[in-house]
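Structure record follows, encoded as C-alpha cells.
All of the numbers you see were taken from the coordinates with simple rules; none came from a lab. None of these values were measured; they are calculated from a predicted model. Cβ atoms come from the backbone with ideal geometry, glycine included; neighbour counts cover every protein chain shown.
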Amino acid sequence: MNGQEKDGRFPLWSLREDVHVEADAARDVVILDSRWGEEVLPHPAPGVVEALRRMSLGPVSLDNAVSDPCERAELDRLLDRLQHLVVRTLGLDQERPLISVVPLSREARLRPAPLSPVRPVRMSRFAVLRAEEGAYWMESPLSLHRVVFHRAEAVWLIAALSHPIAPPAVAAALPSPMPAAEALSYLVAAGMVVQAEPGEPGEPGERSRPPEFAEDTDPALVTWLPQDLMFHIRSTLGRHDRDFGATYPMGESWTVEPVTKPAAPGACVRLPRPDWKRLIATDPPLTAAIEGHRPARRFGTGPLTVGQLGEVLYRAARVRALVGGAPGDGPASDRPYASIDATYELELYPAISGCPGIRDGVYHYDPMGHLLTPIGADPADLCDLAWRGWMPARLTTAPPVLILITARFRRVSWKYAGPGYALVLKNTGALIQTLYLVSAAIGLAGCALGVTDIEATARVLGTDWRTESCVGGFALGRWAEEPPGASAGLRPANDPAWAELAAELLRGNGR
C-alpha cells in the first residue's frame, strides 16, 4: 500500500468520456480524438501508451499505471499539457471515487494546492448543484470545470460549506472520515469553493472582522446574479461542453408544432387590411420612423380605430407566405419581422380597452387569417393584467391596446439545445422593434414592456406557462401632448435635431 492510500488520499486520473485513443504503430504516434480536435503524440513510450489506454477506460492510479521513472516523467509532462482532456478524481480507493473534476473547455486548467488553514472557505455563490446521470453535478459560470460528486460522503461537504468555515473545521463537521482537505483543494481549484482573502490583523481587543471573498467585491461580478450569468454562458459557446445548436435534442419523440397556433372556436373579428398603394403614397421615410419613434410614457385620450390596430398587426406580424422548411423541420413561414431560422414561435394577444368596433377584452391574433379571436377572460383578471403590464413600464396613463407577446417554446426547443431561449428573446426584440417602426410610420405612440407577469398572463390567456409563456409586450395608443419641460435634462450629442424634425414629419401622418 503506497503513502497516498495510507493517509486516505487516492488521486485517480482518466480521460474525458468523449476522448478516443488510437495508437498508430506504423507512424509511431498516438492520436487523441476529442470534441476539440486531434492531439497527435509522436514517439510515445510504451508505458505512456498503455497508461492512456487505461485512462480511456476509467479512473486509474498513475502509480499503478506506470512504474518506470522516465516514462512516468514523460506521462506527467503530457498530462499537464493535455489538462483539457484529463479528468481528476479523488477517491477513498480505486473502487470508491468521491469527486471528479471534469474539464469543460480547451482552456481548462486544474492545479490543486494545499489551502491556508486560517483562511475560511465557503461555497461560491455562483455554484449550482443538481442531480444528473446518477450523481450530483456542480457547475459554475465562473469555472471551466464540472465537479461530479459520486458518493453521499462527498455531498456532506456541501452542507459544511454554506457559511465561512476554516478548512480544518470542515473535516470535524463531517459524520465520517474522508480526505476533506484534499477534496477542498480540488473544489477550490475548480472554482466551486472560494477561500477568503488574506486578512489584516486587528487591534488588540478589536472584534474580528468577517472574512471577505473576492467574488463579493469584484466589480466585474457584483452586478451579476448567478442565474443570469449561467444563462449567459449557456446560451453562448466557450465555457461549457453541453450540446449546442440545432441538435434536435428530443429526436423523433416530438414533432414540430404548427406554424401558426390553431384558432380557438368562437366568433372572430376580421380586421381591415391596409392598401399597398396608399402606404407607398403616404408612408414617411424609414429614417423618419427610426429617428421619430420613442417610448411613450403617456397616451392621448382618443381611442384607436379598428383600421389602425389592423394596420399595425398586418404590417408587423402577419404571415406573408408559407415555405417549406429544412428536411425534418416541417413547414415554416415568412413574416415582416426577423426571426432566427424562421422559427416564428411568437404569438400576439391584444388586450383591448379602447377601440370602437371591438368589444373590450383579450384576443388572440391569427396572423394567417388576419383576425382576432376572443379569449374568455375574467374582467377582474383583465384589469389586473393591464395594471401589471403598464405600471412597470412607468406609463402614466393606460393604453387603449396592450399587446401581450408569448412564445410557444417547443417551436424552438424541439430543434435547438443551448441557445433556444436566448433566440426567443432575440426574436421578441426584433418583433418589438418592428412594432415601434410601424407605429411610428402610422403616427401612433408605442412603448415596449420590459417586465411581464408570466403567472398572471397564463391565467388570463388560459395557457400552460411551461409551454407558452409571456416574453414581452407592447403598449399602443395615440400620442399625447408633451408636458412642458418634457425634454429638460437632455444633453445634445449627435444631431439631436433629427428626432424633432422626424417627429414633426410624423405628427401629421396619423391615420
> What residues have an amide H closer than 5 Å to that of GLY472, excluding those fewer than 5 places away on the same chain, when H is modeled at 1.01 Å from N in the peptide plane?
Replying inline: ILE405
> At GLU50 and ARG273, where each label point lies 7 Å from the Cα along Cα→Cβ, what is the point-to-point distance in nanometres?
Replying inline: 7.9 nm
>> What does the extension gain come out to for ALA456 and TRP137, with contour length at 0.36 nm per residue minus their alpha carbon separation?
In response: 111.5 nm
> How much length is gained if the chain between ARG297 and ALA159 is pulled fully straight, taking 0.36 nm per residue apart and subtracting their Cα-Cα distance, in nm to one decimal?
Replying inline: 44.8 nm
>> If I model region 219-277 as equal point scatterers sitting on the Cα atoms and use the Debye formula, what is log10 I(q)/I(0) at q = 0.26, 0.31 Å⁻¹?
In response: -1.17, -1.21
> Which value, in debye to the nearest 20, gives the size of the charge dipole of region 3-196 about its Cα centre, when Lys and Arg are +1 and Asp and Glu are -1 at the Cβ?
Replying inline: 920 debye
> Straight-line reach from LYS415: which aspartates and glutamates have Cα under 17 Å away, leaving out those fewer than 8 places along the same chain?
Replying inline: ASP243, GLU252, GLU257, ASP329, ASP341, GLU345, GLU468
> Amide H neighbours of LEU98 under 5 Å, counting only residues 5+ apart in sequence or on other chains, H built in-plane at 1.01 Å?
Replying inline: LEU90, GLY91, LEU92
> What percent do you get for the relative contact order of region 353-484 when only Cα pairs under 8 Å and 6+ apart count?
Replying inline: 30 percent
> Which listed residue (ALA180, LEU62, THR223) has the Cα farthest towards the positive end of the charge dipole for the chain, taking +1 on Lys and Arg C-beta and -1 on Asp and Glu C-beta about the Cα centre?
Replying inline: THR223
> What helices does the chain have that are whole DSSP H segments, at least 30 Å long along their own axis by Cα, and with mean Kyte-Doolittle hydropathy of 0.0 or more?
Replying inline: 420-442
> What is the percent of Cα-Cα separations in region 38-185 that go past 22 Å?
Replying inline: 47 percent
> Can you give me the relative contact order of region 3-196 as a percent, contacts being Cα pairs under 8 Å and 6 or more apart?
Replying inline: 20 percent
> Under 17 Å Cα-Cα from LYS277, which aspartates and glutamates qualify once same-chain neighbours fewer than 8 residues away are excluded?
Replying inline: GLU311
> If R0 is 30 Å, what FRET efficiency do you get for HIS20 and ALA169 from their C-beta distance, rounded to 0.05?
Replying inline: 0.10
> In nanometres, what is the gap between the two model label sites at ILE280 and SER105, each 7 Å from Cα along Cα-to-Cβ?
Replying inline: 5.3 nm
> In nm, to one decimal, how far is the THR305 label point from the ALA380 one, both placed 7 Å along Cα→Cβ?
Replying inline: 3.8 nm
> Can you give the three extents of the C-alpha atoms in region 337-461 along their principal axes, from longest to shortest, in whole Å?
Replying inline: 41, 34, 32
>> Nearest 500 deg cm²/dmol is fine: what mean residue ellipticity at 222 nm does the chain get from its DSSP H runs of n ≥ 4 alone, each adding -39,500 (n - 2.57), divided by its residue count?
In response: -8500 deg cm²/dmol
> So what is the diffusion coefficient of the chain in µm² per second by Stokes-Einstein at 10 °C and 1.306 mPa s, using a Kirkwood Rh over Cα pairs?
Replying inline: 57 µm²/s
>> For the chain, what does the relative contact order come out to in percent, with C-alpha contacts under 8 Å and a separation of six or more?
In response: 12 percent
